[in-house]
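Asker: This structure is in structure tokens; I'll ask about it shortly.
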Amino acid sequence: MTEAMLRTLGAGATATAYAALCLAVYARQRRLRSAAIREAAALSAESDAAPTLVLFASQTGQAETIAWQTARQLRAAGTPVRVMELNALDAATLGSASRALFVASTYGEGDAPDGASVFAERVMGSPLALSSLRYAVLALGDRQYKNFCGFGRALDAWLQASGASPNFECLEVDNSDPAALAAWQARWGDTAAIGHEDPDGAFAPWRLARRELLNAGSAGAPVFLLSLVPHAGAMPRWASGDLVQIAVASDPARPRDYSIASLPTDGELQLLVRQEQHPDGTLGTASGLLTSTLTIGDTVALRLRPHRAFRLEGNETRPLILIGNGTGLAGLRAHLRARAAAGCHDNWLVFGERQAAYDFLCRGEIEAWQASGVLQRLDMVFSRDQPERLYVQHRLLQSADTLRAWLDKGAAIYVCGSRQGMASGVDAALKQVAGSTLWQDLVATGRYCRDVY
Ligand SMILES: Cc1cc2nc3c(=O)[nH]c(=O)nc-3n(C[C@H](O)[C@H](O)[C@H](O)COP(=O)(O)OP(=O)(O)OC[C@H]3O[C@@H](n4cnc5c(N)ncnc54)[C@H](O)[C@@H]3O)c2cc1C
Ligand SMILES: Cc1cc2nc3c(=O)[nH]c(=O)nc-3n(C[C@H](O)[C@H](O)[C@H](O)COP(=O)(O)O)c2cc1C
């Protein structure tokens with residue numbers, strides 16, 4: 001989205017811009033279409049009874065969305081397909097396939113996203129015998145990170161080492177670059193099958209209704225609770241665990257993600273936003289806009305992003321262990337509100353911040369959940385309230401017996417907040433307490449869900 005388009009959106013005149021965008025996309029798709037149909041016909045002729053595997057390695061859902069779009073295109077072109085998350089794929093299934101398309105994102109130090117971590121550990125340790133497999137890799141990444149497309153590249157290298165033949169060179173996508181995505185789509189047939197829809201929905205203006213500083217006096221950066229409502233129209237639906245993206249005029253290529261801290265039934269979309277500061281003292285582009293530049297009543301361009309891997313779906317009847325720090329309380333709070341509304345009280349919150357006196361975010365609500373029994377167990381871990389630094393992962397290790405007992409009764413784990421330090425420490429603690437086999441099982445069966453950044 002261009003800066004000019006953002007201004008148009010802010011002014012509310014979205015229809016013209018959207019029509020222009022649709023026309024541009026349509027024109028591009030028409031150009032790609034005839035070549036696509038030729039390739040799809042070849043693919044369809046080559047494919048035998050075994051379906052083409054469309055495999056995704058995803059954290060926040062982009063790779064998954066693209067995998068499903070690709071599958072829809074292939075089906076429309078007459079190719080039988082089977083879509084799977086990489087963690088659900090075993091060596092035997094891959095070994096018996098004749099064609100596989102991989103859509104893979106990268107996290108951390110060029111690591112696999114959570115949806116592929118078990119596959120990376122269990123299957124990619126050594127080469128397989130895949131000489132009858134033809135494959136293609138679409139690697140999603142961002143050049144701002146050191147290990148650009150690290151996992152997609154590792155996957156490609158491993159497939160080649162296993163004797164599989166690439167259909168074409170690993171296609172790398174920088175920051176959702178539309179040209180690279182169009183090049184991928186153009187390979188797989190009728191692009192009309194994916195429609196013109198944006199998988200995450202369109203940006204629309206939302207109005208800032210309230211903003212409250214939650215940690216006055218904190219040694220850390222200010223954290224605000226923001227309440228937003230649609231500028232026009234009804235409150236859209238979302239599920240606890242979902243994200244929003246905020247578009248910023250000065251950096252239109254890079255919308256920022258925020259975890260939603262409320263439910264549609266609250267009548268407001270709430271966010272917990274930490275005000276970032278650059279080393280030169282200027283505020284973070286998006287967090288500065290949200291926590292300082294905007295005044296009450298102003299609008300911001302926002303869109304909802306379903307975050308299926310972090311929803312409660314599939315775990316509704318399980319006990320929940322909710323672990324997080326800082327603004328990570330946002331995603332956990334939405335889940336706890338959903339659990340309270342559903343009357344599910346087997347919830348354990350392990351939350352970390354700096355000092356109880358200043359950083360006990362949403363204290364009233366958390367204490368009320370404890371008093372009413374919505375929280376069966378609460379561990380607030382304040383790192384600076386004692387001489388030694390204590391973090392949530394230390395509390396988990398101290399509570400290893402309880403953690404094991406909750407896992408034995410089928411609990412699911414939701415982690416939200418800092419990737420480095422918190423989520424990595426929690427992951428190590430969990431592996432230590434549960435053991436590697438149960439850890440892999442938790443990831444593979446969707447009982448270990450993360451929204452970490
Ligand atoms: C899935 C997900 C969920 C998230 N949920 C939340 C949430 O619930 N709450 C929340 O607060 N955040 C959340 N985030 C983080 C959020 O998306 C933003 O990354 C964060 O708010 C910072 O964005 P910004 O535009 O304010 O900072 P930016 O301007 O992008 O700056 C970020 C950092 O980049 C560096 N930098 C950028 N520009 C410069 C410069 N000119 N000079 C020097 N250094 C620079 C600095 O280190 C700076 O601190 C989430 C992220 C993800 C991926
Ligand atoms: C916290 C974080 C870490 C990331 N690390 C990398 C990285 O090391 N290398 C890279 O190329 N991209 C990195 N990315 C970019 C993602 O791979 C990219 O946004 C991708 O489109 C996400 O797809 P997904 O939603 O399917 O997970 C990172 C993104 C985030 C939010």
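Asker: Given the criterion more than 16 Å from ligand 2 (Cβ to nearest atom) and among the basic types (Lys, Arg), identify the matching residue among Arg308, Arg237, Arg303.
Answerer: That would be Arg237, the only listed residue that is more than 16 Å from ligand 2 (Cβ to nearest atom) and among the basic types (Lys, Arg).
Asker: Would you say Ser262 is in a loop (DSSP other than H, G, I, E, B) and farther than 26 Å from Gly61 by Cβ?
Answerer: So Ser262 fails the test.
Asker: Quick check on my filter: what residues within segment 113-148 are within 16 Å of ligand 1 (Cβ to nearest atom) and either closer than 21 Å to Trp439 by Cβ or not small (Gly, Ala, Ser) (or both)?
Answerer: Scanning segment 113-148 gives Pro113, Asp114, Gly115, Leu140, Asp142, Arg143, Gln144, Tyr145, Lys146.
Asker: Name the helices (runs of 4 or more DSSP H) wholly within segment 349-453 that hold at least 2 residues that are open to solvent by less than 40 Å² (accessible area, probe 1.4 Å) and either within 25 Å of Leu214 (Cα to Cα) or within 16 Å of ligand 1 (Cβ to nearest atom) (or both)?
Answerer: Correct list: 356-359, 363-372, 392-398.
Asker: Going by what's in this entry, would Ser292 be described as of a type in the set (Ser, Thr, Tyr) and open to solvent by less than 10 Å² (accessible area, probe 1.4 Å)?
Answerer: For Ser292, the condition - of a type in the set (Ser, Thr, Tyr) and open to solvent by less than 10 Å² (accessible area, probe 1.4 Å) - is not met.
Asker: Wholly within segment 75-167, which strands (runs of 3 or more DSSP E) include no fewer than the required count, namely at least 2 residues that are without any contact (Cβ under 8 Å) to a residue 40 or more places away in the chain and surrounded by 14 or more Cβ atoms within 10 Å (Cβ to Cβ)?
Answerer: Strands (runs of 3 or more DSSP E) meeting the threshold: 81-85, 134-141.
Asker: Kindly provide the set of residues from segment 333-344 that are in contact (Cβ under 8 Å) with a residue 12 or more places away in the chain and loosely packed, with under 15 Cβ neighbours inside 10 Å, ordered by number.
Answerer: Ala341, Ala342
Asker: Do you know which residues across segment 268-301 are near ligand 1 (Cβ under 8 Å from one of its atoms), over 21 Å from the mean Cα position of the chain (by Cα) and part of a strand (DSSP E or B)?
Answerer: Answer for segment 268-301, where residues must be near ligand 1 (Cβ under 8 Å from one of its atoms), over 21 Å from the mean Cα position of the chain (by Cα) and part of a strand (DSSP E or B): Gln277, Leu283.
Asker: Oh, and also: What are the residues in segment 142-194 that are in contact with a Lys or Arg (Cβ under 8 Å, 6 or more places away or on another chain), of a type in the set (D, E, K, R) and more than 16 Å from ligand 2 (Cβ to nearest atom), if any?
Answerer: Once the filter is applied, which keeps residues that are in contact with a Lys or Arg (Cβ under 8 Å, 6 or more places away or on another chain), of a type in the set (D, E, K, R) and more than 16 Å from ligand 2 (Cβ to nearest atom), segment 142-194 yields only Asp190.
Asker: Check Ser259 against each of (1) more than 20 Å from the chain's Cα centre (by Cα); (2) under 21 Å from Leu304 (Cβ atoms); (3) near ligand 1 (Cβ under 8 Å from one of its atoms); (4) at pLDDT 95 or above and name the one condition it does not meet.
Answerer: (1)
Asker: If Thr299 passes every condition in (1) assigned by TED's automatic domain parsing to the domain that holds Ala219; (2) open to solvent by less than 20 Å² (accessible area, probe 1.4 Å); (3) not small (Gly, Ala, Ser) but one, which one does it miss?
Answerer: With (1) assigned by TED's automatic domain parsing to the domain that holds Ala219; (2) open to solvent by less than 20 Å² (accessible area, probe 1.4 Å); (3) not small (Gly, Ala, Ser) applied to Thr299, the lone miss is (2).
Asker: Still on this structure, please answer the following. Among (1) more than 16 Å from ligand 2 (Cβ to nearest atom); (2) under 18 Å from the mean Cα position of the chain (by Cα); (3) of a type in the set (Ser, Thr, Tyr), where does Ser227 come up short?
Answerer: Of (1) more than 16 Å from ligand 2 (Cβ to nearest atom); (2) under 18 Å from the mean Cα position of the chain (by Cα); (3) of a type in the set (Ser, Thr, Tyr), only one is false for Ser227: (2).
Asker: In the list Arg274, Arg256, which residue meets the criterion of being farther than 24 Å from Ser176 by Cα, outside the structural domain of Arg363 (by TED's automatic domain parsing) and open to solvent by 40 Å² or more (accessible area, probe 1.4 Å)?
Answerer: Arg274
Asker: Which of the numbered conditions does Arg72 fail, given that it passes all the others? Conditions: (1) free of Cβ contacts under 8 Å to residues at least 40 places away in the same chain; (2) part of a helix (DSSP H, G or I).
Answerer: Just one mismatch for Arg72, condition (1).
The values are calculated or read from the model by the stated rules, or taken from the named source; none is laboratory data. The model shown is predicted, which means the values in this text are computed figures rather than measured ones. Don't worry about glycine lacking a Cβ; one is built from the backbone with ideal geometry, like all the others, and counts go over all protein chains shown. To get the accessible areas, we keep the full protein, side chains included, count just its heavy atoms, and leave off ligands, DNA and RNA. Shrake-Rupley method; radii C 1.70, N 1.55, O 1.52, S 1.80 Å.
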